[in-house]
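Structure first, commentary second.
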Amino acid sequence: MAELVGGIGCSHVPAVGAAMDNGKTEESYWAPFFEKLPPAREWMAQTAPDVCIVVYNDHATALDLNLIPTFALGVGESFQPADEGYGPRRVPVVEGAPDLAWHLAESLILDEFDMTLANKMEVDHGLTVPLSVMFGQPQAWPTKVIPLCVNVIQYPPPTAHRCLELGRAIRRALDAWEGPERIAIFGTGGMSHQLQGERVGLINSNFDTEFMNRMIAEPDELATISHTELIREAGSEGIEMVMWMIMRGAMNPEVTEIYRNLHVPTSNTSNGLLILENA
Ligand code: DHB
Ligand code: FE
């Protein structure tokens, strides 16, 4: 049986990746953010998962309005970093875990979660920035990655409740897998931010803190949150936080908080990082 060794909630702000790629992490704007990361990276290095399931969203990079899968699972051998306008990030190619990914596909679909399957999918900052946050700048990523891409771009995105239940279905699949892998799951995006319209720049760190608290203590109650409330409180792009619920659903009902940081802001975003272990 595979072992689920941790759940990570992590914002995916592109400027964080750019600060690392361009050697700016010690500049005055960035240093206070990066100085808080070492304990999280030490946990990651010690925990050393073989495979990370990274729940993220594509930002009209690999997918656009021609094709809008609600949930797309990457079953390929590898995933190239995408060109988002400045050339691809100079980060390692993301190596997949096709055997486990196909097991997840079978288990989830037969469990009535109708996943889209992606053999080839370039991965944008939604996936690569959380890897950079947690692993730094290695020559090769020290883990295989199963991308799980969620539509939070085009209305209607999945509900927080559907995401929590998908996480639980992922856990059932992992519990039925006979391989020896140590597995971590990331829920990425958020926290509060709005990149467009009249309320551009909105941040609500009180809501973000409550979201983390409730996600840990009462995920089922939190999962009743409507899209309207989530967007009202956390901004139009704050809807990305439904992806943290997939991570939460995969974890045990009781979890231990290992690490938490909320840094406000990086770029336009209230930047959250949360590490959970099964209690
Ligand atoms: C920003 C945050 C995001 O989550 C994103 O996808 C793009 C930009 C930002 O704060 O700049
Ligand atoms: Fe985003």
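Screening the range 164-279 for strands (runs of 3 or more DSSP E) wholly inside it with 3 or more residues that are over 14 Å from the mean Cα position of the chain (by Cα) returns the ranges 255-266, 269-278. Scanning the range 242-279 for residues that are under 18 Å from Gln194 (Cα atoms) and surrounded by 24 or more Cβ atoms within 10 Å (Cβ to Cβ) yields Val242, Met243, Trp244, Thr269, Ser270, Asn271, Gly272. If you go through the range 226-236 and pick out every residue that is within 16 Å of ligand 2 (Cβ to nearest atom) and either over 18 Å from Gln154 (Cβ atoms) or without any contact (Cβ under 8 Å) to a residue 60 or more places away in the chain (or both), you end up with 4. Scanning the range 157-204 for residues that are farther than 15 Å from Glu240 by Cα and within 16 Å of ligand 1 (Cβ to nearest atom) yields Gly197, Arg199, Val200, Gly201.
Residue pairs whose Cβ atoms lie under 8 Å apart, separated by 6 or more positions or on different chains, with the first residue in the range 95-124 and modelled with pLDDT of 95 or more and surrounded by fewer than 19 Cβ atoms within 10 Å (Cβ to Cβ) and the second hydroxyl-bearing (Ser, Thr, Tyr) and in a strand (DSSP E or B), are Glu95/Ser78. Taking the criterion of being surrounded by 19 or more Cβ atoms within 10 Å (Cβ to Cβ) and of a type in the set (Val, Ile, Thr), the only residue of the range 154-181 that qualifies is Ile170. Would you say Gly85 is in contact with a Ser or Thr (Cβ under 8 Å, 6 or more places away or on another chain), over 26 Å from Ala160 (Cβ atoms) and not aliphatic (A, V, I, L, M)? No: the conditions fail for Gly85.
I'd like the full set of residues that are more than 12 Å from ligand 1 (Cβ to nearest atom), modelled with pLDDT of 95 or more and surrounded by fewer than 22 Cβ atoms within 10 Å (Cβ to Cβ), limited to the range 1-15. Lay out the reasoning, then the answer.
Filtering the range 1-15 down to residues more than 12 Å from ligand 1 (Cβ to nearest atom) leaves 1-9.
In the following step, the residues that additionally are modelled with pLDDT of 95 or more were identified as 3-9.
Matches in the range 1-15: Glu3, Val5.
Could you look through the range 16-53, keep only residues that are within 16 Å of ligand 2 (Cβ to nearest atom) and under 16 Å from the mean Cα position of the chain (by Cα), and pick out the one that is surrounded by the fewest Cβ atoms within 10 Å (Cβ to Cβ)? The selected residue is Gly17.
Tell me yes or no: at least one residue of the range 68-78 is over 30 Å from Ser226 (Cα atoms) and under 15 Å from the mean Cα position of the chain (by Cα).
Of the residues in the range 68-78, the ones over 30 Å from Ser226 (Cα atoms) are 75-78.
Then drop every residue that is not under 15 Å from the mean Cα position of the chain (by Cα), which leaves none.
So far as the range 68-78 goes, no, none of its residues is over 30 Å from Ser226 (Cα atoms) and under 15 Å from the mean Cα position of the chain (by Cα).
Just a yes or no: is a residue in the range 76-88 in contact with a Leu (Cβ under 7 Å, 6 or more places away or on another chain) and in contact (Cβ under 8 Å) with a residue 12 or more places away in the chain? Explain how you work it out, then say what you get.
Step one: filter the range 76-88 for residues in contact with a Leu (Cβ under 7 Å, 6 or more places away or on another chain), giving none.
Scanning the range 76-88 turns up no residue that is in contact with a Leu (Cβ under 7 Å, 6 or more places away or on another chain) and in contact (Cβ under 8 Å) with a residue 12 or more places away in the chain.
On the given criteria, is Lys24 more than 17 Å from Asp124 (Cβ to Cβ), in a loop (DSSP other than H, G, I, E, B) and touching a residue at least 24 places away in the same chain (Cβ under 8 Å)? So Lys24 does not fit the description; no. Here Trp244 meets each of (1) out of contact with any Cys (no Cβ under 9 Å at 6 or more places or on another chain); (2) closer than 21 Å to Val16 by Cβ with one exception, condition (1).
Looking at Ala184, Ala223, Ala176 in this structure, which one is touching a Leu at 6+ places or on another chain (Cβ under 7 Å) and in contact (Cβ under 8 Å) with a residue 40 or more places away in the chain?
Values: Ala184 fails: touching a Leu at 6+ places or on another chain (Cβ under 7 Å); Ala176 fails: touching a Leu at 6+ places or on another chain (Cβ under 7 Å).
Matching residue, one of Ala184, Ala223, Ala176: Ala223.
The values are calculated or read from the model by the stated rules, or taken from the named source; none is laboratory data. The model shown is predicted, which means the values in this text are computed figures rather than measured ones. Neighbour counts are summed over all protein chains in view; Cβ atoms, including those assigned to glycine, are modelled from backbone coordinates with ideal geometry.
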